[in-house]
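Here is the structure we will look at.
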Amino acid sequence: MEQKSAWVEFKNECLADKLFDILVFLLIVLAVGVTFYPFMYVVSISLSSGAAVNKGLVMLFPVDFNLSTYKMVMNYKDLWVSYGNTFYYTFVGTFLNIVFTCLAAYPLSRKRFFLRKKMNFLLAFTMYFSGGLIPTYVVVTGLGLYNSRLAMILPVLVSAYNVMICRSAFESISEELFESAYLEGANDIQVLYKIAVPLIKPTLAVLTLYYAVARYNDFFSALLYIGKQNLQPLQLFLRRILLMASSEIMQSSGSATAASAAAQSTIQIRYVCIVLSMVPILCLTPFIQKYLVKGTMLGAVKG
């Protein structure tokens, strides 16, 4: 019924509106194609045979479907070590991000907090001015965090922008709810975790996704502060494979699979690593997608 009504509405439009709708539709199709093709190409390369990849036969869909490269890469021990490190940094870091973001945003949303205006100004100030990369490195290393897991978590514990989003969500809650809770004898901690936080779950879901994706994709912090290979995250491993040493996986495959390893394309190994690095985010996004629009629009200013 909706499709029919949309078609009837389109037929009843004037020529200028029809041309505009067609133009918008073509632009959307173009945007989807430009976005989807590189992803499909990477997946197709990873699922094709090494001979087909070397001959340039893969354009859109896999040619000579083959999983030997996946088996080779997945037998590489450093991949799983970096995966474990990334999961640790993502889960622990995101949990602490959300906790400290709520602890920072809640008092800034309360009008009775006497430092509210000054702290909000200082929070906004940090978005435009920072100490710089070298002072930050000196502080982190001076605290003894170099080659420590905490170096991947503490320096980016709170995002000023995300605190502002969370603060706006807290401000959108009716003040009568807080007053009723205080009259019942609740303290600020109880009000925060039993009333305020449950009411902004869509916003927290969005912030969780923001923080988790940022944590998962973070390689620059590891590049600066993590020298030990057994502590490096997946993105740093992927960077090493893409830019420096794709052949190390083939060399590590051993003499038993030397012949099959020799047939593999280095670019195919790189693309397999890219696909494997995307799997967790692709699995997580569908479960949190329903909160994206609602959570992002909370606290928005109406024109």
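The values are calculated or read from the model by the stated rules, or taken from the named source; none is laboratory data. Just so it is clear, the structure is predicted and the values come from calculations on it, not from any experiment. Cβ atoms come from the backbone with ideal geometry, glycine included; neighbour counts cover every protein chain shown. In case anyone asks, the SASA skips ligands and DNA or RNA and just uses the protein heavy atoms, side chains included. Shrake-Rupley method; radii C 1.70, N 1.55, O 1.52, S 1.80 Å.
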Legend entry - Test set (1) under 20 Å from the mean Cα position of the chain (by Cα); (2) at pLDDT 85 or above - LEU209 fails condition number: (2)
Inset, instruction - Go through region 212-247 residue by residue and tally those that are touching a Phe, Trp or Tyr at 6+ places or on another chain (Cβ under 9 Å), in a helix (DSSP H, G or I) and not small (Gly, Ala, Ser). - result: 11
Inset, instruction - Name the residue, out of TYR182, TYR128, TYR89, that is hydroxyl-bearing (Ser, Thr, Tyr) and at pLDDT 90 or above. - result: TYR89
Inset, instruction - Could you tell me whether region 144-159 includes any residue that is among the aromatic types (Phe, Trp, Tyr), loosely packed, with under 15 Cβ neighbours inside 10 Å and either farther than 14 Å from SER109 by Cα or without any contact (Cβ under 8 Å) to a residue 24 or more places away in the chain (or both)? - result: no
Inset, instruction - Tally the residues that are of a type outside the set (S, T, N, Q), at pLDDT 80 or above and surrounded by 11 or more Cβ atoms within 10 Å (Cβ to Cβ), restricting the search to region 273-303. - result: 6
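Would you pick out the residues in region 103-140 that are assigned to a helix (DSSP H, G or I), open to solvent by less than 50 Å² (accessible area, probe 1.4 Å) and closer than 29 Å to LEU231 by Cα?
Restricting attention to region 103-140, the residues satisfying the condition of being assigned to a helix (DSSP H, G or I) are 103-109, 116-128, 133-140.
Those left that are additionally open to solvent by less than 50 Å² (accessible area, probe 1.4 Å): 104-109, 120, 123-124, 140.
Across region 103-140, the qualifying residue is only VAL140.
Quick one: which residue in ARG270, ARG239 is open to solvent by 40 Å² or more (accessible area, probe 1.4 Å), within 17 Å of TYR70 (Cβ to Cβ) and modelled with pLDDT of 55 or more? Lay out the reasoning, then the answer.
On the way: ARG239 fails: within 17 Å of TYR70 (Cβ to Cβ).
The conditions single out ARG270.
Condition check: hydroxyl-bearing (Ser, Thr, Tyr), closer than 16 Å to GLY93 by Cβ and open to solvent by 20 Å² or more (accessible area, probe 1.4 Å). Does TYR193 satisfy that? If you could, list the steps in order and put the result at the bottom.
Working: hydroxyl-bearing (Ser, Thr, Tyr): yes; closer than 16 Å to GLY93 by Cβ: no; open to solvent by 20 Å² or more (accessible area, probe 1.4 Å): yes.
The answer is no for TYR193.
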Legend entry - Selection from region 148-182 of residues that are closer than 14 Å to ILE200 by Cα and small (Gly, Ala, Ser): SER168, ALA169, SER172, SER174
Inset, instruction - Give region 60-86 a look and list any residue that's open to solvent by less than 50 Å² (accessible area, probe 1.4 Å), in a helix (DSSP H, G or I) and free of Cβ contacts under 8 Å to residues at least 24 places away in the same chain, or say none. - result: GLY84
Inset, instruction - Within region 87-102, track down each residue that is hydrophobic (A, V, I, L, M, F, W, C) and either surrounded by fewer than 19 Cβ atoms within 10 Å (Cβ to Cβ) or within 21 Å of SER221 (Cβ to Cβ) (or both). - result: PHE87, PHE91, VAL92, PHE95, LEU96, ILE98, VAL99, PHE100
Legend entry - Which numbered condition VAL8 fails, given (1) modelled with pLDDT under 85; (2) surrounded by 12 or more Cβ atoms within 10 Å (Cβ to Cβ); (3) in a helix (DSSP H, G or I): (2)
Legend entry - Exclusive hit being among the hydroxyl-bearing types (Ser, Thr, Tyr), modelled with pLDDT under 55 and out of contact with any Leu (no Cβ under 9 Å at 6 or more places or on another chain), set SER260, SER265: SER260
